[in-house]
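The values are calculated or read from the model by the stated rules, or taken from the named source; none is laboratory data. What you see is a predicted model; the values in this text were computed from it and never measured. Here Cβ is always computed from backbone atoms with ideal geometry, including for glycine, and neighbour counts include all displayed protein chains. Please note that ligands, DNA and RNA were not included when accessible areas were found on the heavy atoms of the full protein model with its side chains. Shrake-Rupley method; radii C 1.70, N 1.55, O 1.52, S 1.80 Å.
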Amino acid sequence: MIDDQLFSGKSTAELSRDLLGHELSYQTPAGILAGIIVEAEAYLGAKDSAAHAYKGRRTPANEALYGPPGTIYIYTLRGHHMLDIATQAQDQPEGILIRGLEPTQGQELMLKNRPQKNFNLTNGPGKLTQALGITSKELNLLLLSQSPLTISAQRIKEPAEIAATARINVSSRGDWTDKPLRFCVAHNPYVSQMRKSGMDLTNYGWQV
DNA sequence: CTACGGATGTCCT
DNA sequence: GGACATCCGTAGG
């Protein structure tokens, strides 16, 4: 995939929404692991009080956000690895956090990496990296196009409905706390914190 | 099935 | 020494 094709000319919020339904795949020596993106959050750089680059904060740890579109940003939070993609031009530190995946390939490997039941396999940002076997910052700062990670250029599935909500575990950040910058496939069971009663177990929230 | 609180590893101040 | 873009087990309805 050409990174520019996927990321050009759109706001980070639009890109987050558009990524739903695309397939993320990871080529490993043991095999290919892949899943459809069902949840993503946008973080809007220096002005966004919930973002790592708020007020232009720039450290070795968040350097990847300042890279060109398609730069992989891996960071750890309380011992878990998070997967982000930088979306805008160099030195414009906006990015997308991938928060939920519906597995499509390599589920046996995922279960080996993360022995958990049902949707618990990949329904959260720390969970999906564990299932994929991303246990280091090895991919940090790489471009998607130069890495074993790829995102399909087209949607594999069409969401029946897209929900936009406040971002998860972002609190007390003024106006930015409640902005609807989290996008997910409504009723898909691999969306984090999805209530059982809200799940569509027939079509998983996709158009039929 | 939901809500809550403790565990947890880095990074930055 | 504090602050986290989290996860899981347990307790209670």
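Write down the accessible area per residue of chain A in Å², having rolled a 1.4 Å probe over the full set of protein chains.
Numbers: 9960 Å² over 208 residues.
Value returned for chain A: 48 Å² of accessible area per residue.
Measure out, as a whole number of angstrom, how far apart the alpha-carbon centroids of region A:130-208 and region A:34-106 sit.
12
Within region A:1-110, list the trypsin sites (Lys or Arg not before Pro) lying in a DSSP loop whose Cβ has at most 10 other Cβ atoms in a 10 Å radius.
Here the sparse-neighbourhood loop sites are A:Arg78.
In whole percent, how big is the carbon plus sulfur part of the accessible area of chain A, probe 1.4 Å, protein atoms only? Provide the component values of the computation, followed by the final result.
Numbers: 4810 of 9960 Å².
Here carbon and sulfur together make up 48 percent of the probe-accessible area.
Tell me the net charge near A:Ile74. Cut-off is 14 Å between Cβ atoms, A:Ile74 excluded, with +1 for each Lys or Arg and -1 for each Asp or Glu. Write out the running numbers ahead of the final one.
Values: positive: A:Lys137; negative: A:Glu63, A:Asp84, A:Glu138.
In short, -2.
Taking all protein chains together and a probe of 1.4 Å, list A:Met110, A:Met194 from the most accessible to the least accessible. All intermediate terms of the calculation are to be shown ahead of the outcome.
Working: A:Met110 0, A:Met194 50 Å².
Ranked list, largest accessible area first: A:Met194, A:Met110.
Hey, can you grab everything whose amide H is under 5 Å from the amide H of A:Thr104? Only 5+ residues off in sequence or another chain; H modelled, so Pro and N-termini drop out.
A:Ala34, A:Gly35, A:Ile36
Taking the Cα centre of chain A as the origin, how large is its charge dipole in debye, to the nearest 20, when only Lys and Arg (+1) and Asp and Glu (-1) carry charge on their Cβ atoms? Write down the numbers at each step before the final one.
Values: 21 positive and 20 negative charges, 145 e Å.
That gives chain A a dipole magnitude of about 700 debye.
Roll a 1.4 Å probe over the protein heavy atoms and report the accessible area of A:Tyr26 in Å², nearest 10.
Counting only protein heavy atoms, the figure is 30 Å².
What is the diffusion coefficient of region A:3-198 in µm²/s, taking the Kirkwood radius over Cα pairs and the Stokes-Einstein relation at 4 °C with a viscosity of 1.567 mPa s? Each step should come with its number before you reach the end.
Values: Rh = 16.6 Å.
In µm²/s, the coefficient rounds to 78.
Can you list the HN-Hα couplings for region A:162-177, worked out from phi with the Karplus curve (6.51, -1.76, 1.60; θ = phi - 60°), rounded to whole Hz and with x for Gly and Pro?
Along region A:162-177, the couplings run 10, 9, 10, 9, 5, 6, 7, 6, 10, 9, 6, 10, x, 4, 7, 4 Hz.
In sequence order, what are the phi-derived ³J(HN,Hα) couplings for region A:79-96 according to the Karplus relation 6.51 cos²θ - 1.76 cosθ + 1.60 with θ = phi - 60°, rounded to whole Hz, with x for glycine and proline?
Running phi through 6.51 cos²θ - 1.76 cosθ + 1.60 with θ = phi - 60° gives x, 10, 8, 10, 10, 10, 10, 6, 10, 10, 4, 3, 6, 10, x, 9, x, 10 Hz.
Which of the trypsin sites (Lys or Arg not before Pro) found in region A:156-208 are loop residues per DSSP with 10 or fewer other Cβ atoms within 10 Å of their Cβ?
Details: sites: A:Lys157, A:Arg167, A:Arg173, A:Arg182, A:Arg195, A:Lys196; in loops: A:Lys157, A:Arg167, A:Arg173, A:Arg195.
Counting only loop positions with at most 10 other Cβ atoms within 10 Å, the trypsin sites (Lys or Arg not before Pro) in region A:156-208 are A:Arg195.
Provide the solvent-accessible area of A:His80, counting protein heavy atoms only and rolling a 1.4 Å probe, rounded to the nearest 10 Å².
In the full protein context, A:His80 sits at about 100 Å².
For a quick check of understanding: with a 1.4 angstrom probe and all protein chains in place, what accessible area in square angstrom does A:Thr202 have, to the nearest ten?
120
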